[in-house]
Amino acid sequence: MAVALIVEDEVSMAELIRERLEESGYETMVAYTGSKGLEKANACNPDIITLDIHLPDMHGIEILKLLKKDKPFIAIVVITSDDTLEEKCMLHKADGFVNKPVNFEKLE
């Protein structure tokens, strides 16, 4: 079974994403901070990561850079309400970019 890591500080949004990914057949894990997201990504090597940009302890762009440097094989989809960051995320090798509110058809 494919594994998805959700890095999202908003509990309700994390649960919505979790529900949709589980319906699509993913086993899911959630991290509510950037540092926990990095820790979980390093521990389990998920198949996909959904990554919020505005986290309480780290900026998502920094997490994206670190993960793409160390684990370029993991697909990372940025999910954020800040649509001005799409170009920057793609420059740093994000595999996808989804605006909040999330269009779940685009996420799948």
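The values are calculated or read from the model by the stated rules, or taken from the named source; none is laboratory data. Being a predicted model, the structure only gives us computed values, none of them experimental. All Cβ positions, glycine included, derive from the backbone under ideal geometry; neighbour counts span all protein chains shown. Calculation scope for accessible area: heavy atoms of the full protein, side chains included, ligands and nucleic acids excluded. Shrake-Rupley method; radii C 1.70, N 1.55, O 1.52, S 1.80 Å.
Of everything in region 1-44 that is in a loop (DSSP other than H, G, I, E, B) and open to solvent by less than 70 Å² (accessible area, probe 1.4 Å), the residue that is nearest to ALA94 (Cα to Cα) is GLU8. Pairing residues of region 86-102 that are free of Cβ contacts under 8 Å to residues at least 40 places away in the same chain with residues that are aromatic (Phe, Trp, Tyr), at Cβ distances under 6 Å and at least 6 apart in sequence or on separate chains, gives GLU86/PHE97; CYS89/PHE97. When you look at PHE73, is it out of contact with any Lys or Arg (no Cβ under 7 Å at 6 or more places or on another chain) and open to solvent by less than 30 Å² (accessible area, probe 1.4 Å), yes or no? No; evaluated as a whole, the condition is false for this residue.
The residue list VAL102, VAL77 contains one member that is assigned to a loop (DSSP other than H, G, I, E, B), within 17 Å of TYR26 (Cβ to Cβ) and hydrophobic (A, V, I, L, M, F, W, C), which is VAL102.
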